[in-house]
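A short write-up of the structure that comes next.
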Amino acid sequence: MGAARIKLSRIGPDGLATFALSNLIILATGGLSWLALWLYTLHWSRRLRCPGSGQCILVLGQQLESGAPGPGYRLRLLRAVRLARRNPDARILVLGGQTSAGAPSEAAAGAAFLQCHGVAAARIRTEDASRHTLENLRNARDLLTETPEAGDAPLVLVTSRFHLARAVAMARGMGLRVCPCPAEPGSRVSAARLARECWMLHWYHTGRTLARLIRHRSMLERIS
């Protein structure tokens with residue numbers, strides 16, 4: 001669910017407060033705080049290469065198109081297929097809940113796609129209760145804590161290049177050891193998507209810093 005829209009009506013009062021504060025900080029710094037994250041996100045999107053393989057592969061979902069994975073989501077899933085072929089013992093955890101009425105969950109659609117491309121159902125697990133990246137990763141952590149998949153090895157986190165910086169920041173903020181893996185083979189990234197990701201990452205860091213400063217327990221529990 002890496003690039004899914006987050007409706008402000010669903011994020012709660014704490015999220016709205018940090019959303020407003022994040023935008024105020026961007027304005028107060030003349031956009032410099034956003035620019036710093038833009039350069040950081042651009043660096044991540046262009047420099048990273050996918051690791052050889054891993055014992056546990058996390059695939060972040062994306063909003064479906066007509067009930068099926070769209071182009072960006074298919075690239076993530078195809079990357080997972082290639083990783084699974086390199087390591088026959090690897091397991092795949094597909095993340096993403098239902099984002100459209102009457103459609104399957106992102107995880108279910110992703111699992112079906114993987115099976116159509118030769119990945120055995122026994123190697124696939126799904127997490128389909130989440131609505132956005134933060135919930136994706138928190139639920140994944142809880143599932144892996146209950147039934148460890150990879151031992152002490154880093155988890156291979158597969159998502160789109162534009163989404164890597166934010167996904168890794170959130171995963172590591174929750175204590176997950178991840179090795180990021182871009183879905184796309186090339187390094188070209190949509191400027192509009194990159195700009196949106198910088199804004200979302202700024203919001204995340206603002207909320208995390210605020211929660212730590214004021215020791216807000218419920219906020220910290222949601223993001224760490």
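With every protein chain kept in the model, how would you rank Cys116, Cys198 by accessible area, 1.4 Å probe, largest at the top? Present the calculation step by step, with values, prior to reporting the outcome.
Numbers: Cys116 115, Cys198 0 Å².
Putting Cys116, Cys198 in descending order of accessible area: Cys116, Cys198.
Keeping every protein chain present and rolling a 1.4 Å probe, give me the accessible area per residue for the chain in Å². Walk me through the intermediate numbers first.
Numbers: 10780 Å² over 224 residues.
Per-residue accessible area for the chain comes out at 48 Å².
Evaluate the charge dipole of the stretch 140-203 about its Cα centre and quote only its size in Debye, nearest 20, assuming +1 on the Cβ of each Lys and Arg and -1 on the Cβ of each Asp and Glu. Walk me through the numbers before you get to the answer.
Working: 8 positive and 6 negative charges, 82 e Å.
So the magnitude is around 400 debye.
Kirkwood hydrodynamic radius for the stretch 10-97: how many Å is it when counted over pairs of different Cα atoms?
16.3 Å
Among Asn136, Leu64, Thr18, whose Cα lies farthest out toward the positive end of the dipole of the chain, if unit charges sit on the beta carbon of Lys, Arg (+1) and Asp, Glu (-1)?
Going by the Cα projections, it comes out as Thr18.
Helix-only estimate, please: 222 nm mean residue ellipticity of the chain, summing -39500 (n - 2.57) across DSSP H runs of length 4 or more and dividing by its residues, to the nearest 500. Don't skip to the answer; put the middle values down first.
Values: 8 runs with 115 residues, N = 224.
Taken over the chain, the calculation gives -16500 deg cm²/dmol.
Largest first, how would Arg76, Arg82, Arg46 line up by accessible area (1.4 Å probe)? Don't skip to the end; give the middle numbers.
Values: Arg76 0, Arg82 95, Arg46 135 Å².
Of Arg76, Arg82, Arg46, the descending order of accessible area is Arg46, Arg82, Arg76.
Round to the nearest 10 and report in Å² the accessible area of Ser100, as given by a 1.4 Å probe over the protein chains' heavy atoms.
40 Å²
For a Förster distance of 30 Å, can you work out the FRET efficiency between the beta-carbons of Leu143 and Arg47, rounded to the nearest 0.05?
On the way: r = 30 Å, r/R0 = 1.00.
That gives a FRET efficiency of 0.50.
Using a 10 angstrom cutoff on alpha carbons, build the Gaussian network for the chain and name the most mobile of Ala17, Ala140, Ala195.
Ala17
Helix hunt in the chain: which complete DSSP H runs extend at least 27 Å axially by C-alpha with mean Kyte-Doolittle at least -1.0? Before the final figure, lay out the partial values.
Values: long enough: 191-214 (35 Å, -0.06).
Helices passing the filter in the chain: 191-214.
Check the cysteines of the chain one by one and keep only those with no other cysteine Cβ under 4.7 Å from their own.
So, Cys56, Cys116, Cys179, Cys198.
Given the stretch 56-124, report the % of alpha carbon pairs whose separation exceeds 14 Å.
Values: 1181 of 2346 pairs.
Within the stretch 56-124, distances greater than 14 Å cover 50 percent of Cα pairs.
Along the three principal axes, how long is the chain when you take its alpha carbons, biggest first, rounded to the nearest angstrom?
For the chain, the Cα spread along each principal axis is 52, 39, 35 Å.
Considering only protein heavy atoms, what is the solvent-accessible area of Arg161 at a probe of 1.4 Å, reported in Å² to the nearest 10?
Spelled out: Arg161, probe radius 1.4 Å, area about 10 Å².
Report, in debye and to the nearest 20, how large the dipole of the chain comes out about its Cα centre when Lys and Arg carry +1 and Asp and Glu carry -1 on their Cβ. Show your work: numbers first, answer last.
Numbers: 30 positive and 14 negative charges, 113 e Å.
Roughly 540 debye, rounded to the nearest 20.
Determine the gain in length on full extension of the stretch Ser66-Leu35; use 0.36 nm per residue of separation and subtract their C-alpha separation, reporting nm with one decimal. Each step should come with its number before you reach the end.
On the way: separation 31, 0.36 × 31 = 11.16 nm, distance 3.54 nm.
Length difference between fully extended and current span is 7.6 nm.
For Asn23 and His117, what does the FRET efficiency come to when R0 = 45 Å and r is the distance between their Cβ atoms, rounded to the nearest 0.05? Walk me through the intermediate numbers first.
Details: r = 42 Å, r/R0 = 0.92.
About 0.60, to the nearest 0.05.
The values are calculated or read from the model by the stated rules, or taken from the named source; none is laboratory data. Keep in mind that this is a model prediction, so the values were computed, not measured. No Cβ is skipped: glycine too gets one built from the backbone with ideal geometry, and neighbour counts run over all protein chains shown. These area figures cover heavy atoms from the full protein model, side chains too; ligands, DNA and RNA do not enter into them. Shrake-Rupley method; radii C 1.70, N 1.55, O 1.52, S 1.80 Å.
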